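The values are calculated or read from the model by the stated rules, or taken from the named source; none is laboratory data. All values derive from a computational prediction rather than experimental measurement. Methodologically, a virtual Cβ is constructed for each residue, glycine included, from the backbone with ideal geometry; neighbour enumeration extends over all protein chains shown. Note: accessible area is taken over every heavy atom of the protein model, side chains too, but ligands, DNA and RNA are not part of it. Shrake-Rupley method; radii C 1.70, N 1.55, O 1.52, S 1.80 Å.
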Amino acid sequence: MKQLSPTSNNIKISAKELKLGNLVAFPTETVYGLGADGLNPIAVSKIFETKKRPTFNPLILHINSMQMLNKIAWLKEKKIEKLLDKFWPGPLTIILPKKEIVPDIVTAGLETVAVRMPNNKIALQLIKELGNPIAAPSANSFGKLSPTTAEHVAKQLSEKVDIILDGGSCNVGVESTIVKITKDKNYLLRPGGISVEELESVAGKFENLNNENKPDSPGQLKIHYAPEIPIYFFDEEKIIENRYKNLGGLFFRKSKLEKYFSSIKILSQKGNLNEAAANVFSFLHEFENENVDMIFVETIEYSGLGNAIMDRLSKAVNKFR
Ligand code: TXA
Ligand code: MG
């Protein structure tokens with residue numbers, strides 16, 4: 001791990017690291033982020049691996065311009081433009097309908113993406129040098145405190161991150177406020193650096209969507225993606241019973257049962273968990289487009305990213321129990 005001062009040359013070096021698909025921790029005005037190239041699904045999988053998150057929470061894409069915003073999301077409501085004009089760059093994250101270019105692993109399979117333009121020169125310069133949005137959660141291990149200095153990051157992630165850009169301490173110190181705006185309603189998903197009162201002065205009343213049982217993670221609430229098509233774990237008897245239907249097989253590597261399936265997708269030929277994580281949501285979406293009748297998924301070993309993949313698959317399977 002290298003802790004670098006944020007000279008323009010070091011920011012260039014950091015952007016290169018991101019281009020290679022590696023992780024860089026960087027300062028924002030709220031907390032330090034653990035960044036990856038937001039359009040590279042394998043790079044994004046390393047975020048989950050490094051944070052040891054047992055689930056896939058959708059991530060925020062950090063942008064440096066409205067042009068970049070238009071590349072990744074749809075801006076449909078005038079109210080949203082008013083909020084962005086007023087609060088960007090700054091600690092406001094907006095949930096917007098995503099464009100095709102955004103990898104499914106960034107949004108955990110959702111059709112929406114969280115976006116924010118941070119108010120920090122180092123972060124903005126890094127995004128500019130990369131030329132892509134940076135996907136970044138707070139740069140802490142799962143369940144630990146969010147880091148507001150480079151030292152906090154080093155203490156938790158020193159062995160796991162290639163570069164930490166040291167921008168001193170974060171001046172806001174709490175995470176961004178997360179909102180979702182529809183035609184007739186405004187929702188607050190997470191309170192943060194911008195107060196509701198400030199938001200309401202620009203966009204009218206906000207409803208709190210944050211008071212369910214897991215307050216700190218809207219990503220774990222009802223919004224989770226699950227396929228429309230019945231999905232089950234591999235069960236040889238059940239597969240044979242249904243062999244005259246159109247079966248989709250989501251395999252980790254390969255299987256002797258292949259002959260029963262009309263469509264087969266292999267998460268990783270080489271058995272690589274990063275690749276499997278990067279593919280899992282896209283493959284489920286593809287099965288939906290192919291109109292298979294049922295999906296059978298192979299279980300994956302519960303180690304490293306395997307935990308997060310199995311967590312997500314179990315949630316999908318539970319829906320059809
Ligand atoms: O200030 C911040 O927001 C910091 C800095 C690094 O930008 N980032 C941060 O990221 O707090 P993270 O991953 O710790 O929190 C992002 C939150 C998660 O609770 C996630 O569930 C939610 O944003 N989120 C992301 N995409 C979403 C979506 N499409 N719909 C609803 N919630 C979403
Ligand atoms: Mg966090």
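Listed values, structure above:
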item	result
Among (1) more than 23 Å from Ser65 (Cα to Cα); (2) surrounded by fewer than 23 Cβ atoms within 10 Å (Cβ to Cβ), the one test that Pro147 misses	(2)
Of all residues making up the range 17-44, the number that are within 10 Å of ligand 1 (Cβ to nearest atom) and in contact with a helix residue (DSSP H, G or I) (Cβ under 7 Å, 6 or more places away or on another chain)	7
From Asn9, Asn57, Asn70, Asn22, residue being assigned to a loop (DSSP other than H, G, I, E, B), more than 15 Å from ligand 2 (Cβ to nearest atom) and not acidic (Asp, Glu)	Asn22
Where a residue in the range 131-148 is on the phi < 0 side of the Ramachandran plot and among the charged types (D, E, K, R) and its partner, wherever it lies, is more than 10 Å from ligand 1 (Cβ to nearest atom) and open to solvent by 10 Å² or more (accessible area, probe 1.4 Å), with Cβ under 7 Å and at least six apart	Lys144/Gln156
Members of the range 294-321 that are in contact (Cβ under 8 Å) with a residue 60 or more places away in the chain and open to solvent by 70 Å² or more (accessible area, probe 1.4 Å)	Thr299, Lys315, Lys319
Contacts under 7 angstrom Cβ, first residue in the range 80-101 being away from ligand 1 (no atom under 11 Å from the Cβ) and among the basic types (Lys, Arg), partner open to solvent by less than 20 Å² (accessible area, probe 1.4 Å) and outside any strand (DSSP E or B), 6 or more apart	Lys82/Ala203; Lys99/Ile72
Within the range 122-137, considering residues that are among the aliphatic types (A, V, I, L, M) and either part of a loop (DSSP other than H, G, I, E, B) or open to solvent by 10 Å² or more (accessible area, probe 1.4 Å) (or both), the one farthest from ligand 1 (Cβ to nearest atom)	Leu130
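Table: residues versus (1) under 17 Å from Ala308 (Cα atoms); (2) modelled with pLDDT of 95 or more.
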| residue | (1), (2) |
| --- | --- |
| Leu221 | yes, no |
| Ala226 | yes, no |
| Ile229 | no, no |
| Asp235 | no, no |
| Glu241 | no, yes |
| Asn246 | no, yes |
| Leu250 | yes, yes |
| Arg253 | no, no |
| Glu258 | no, no |
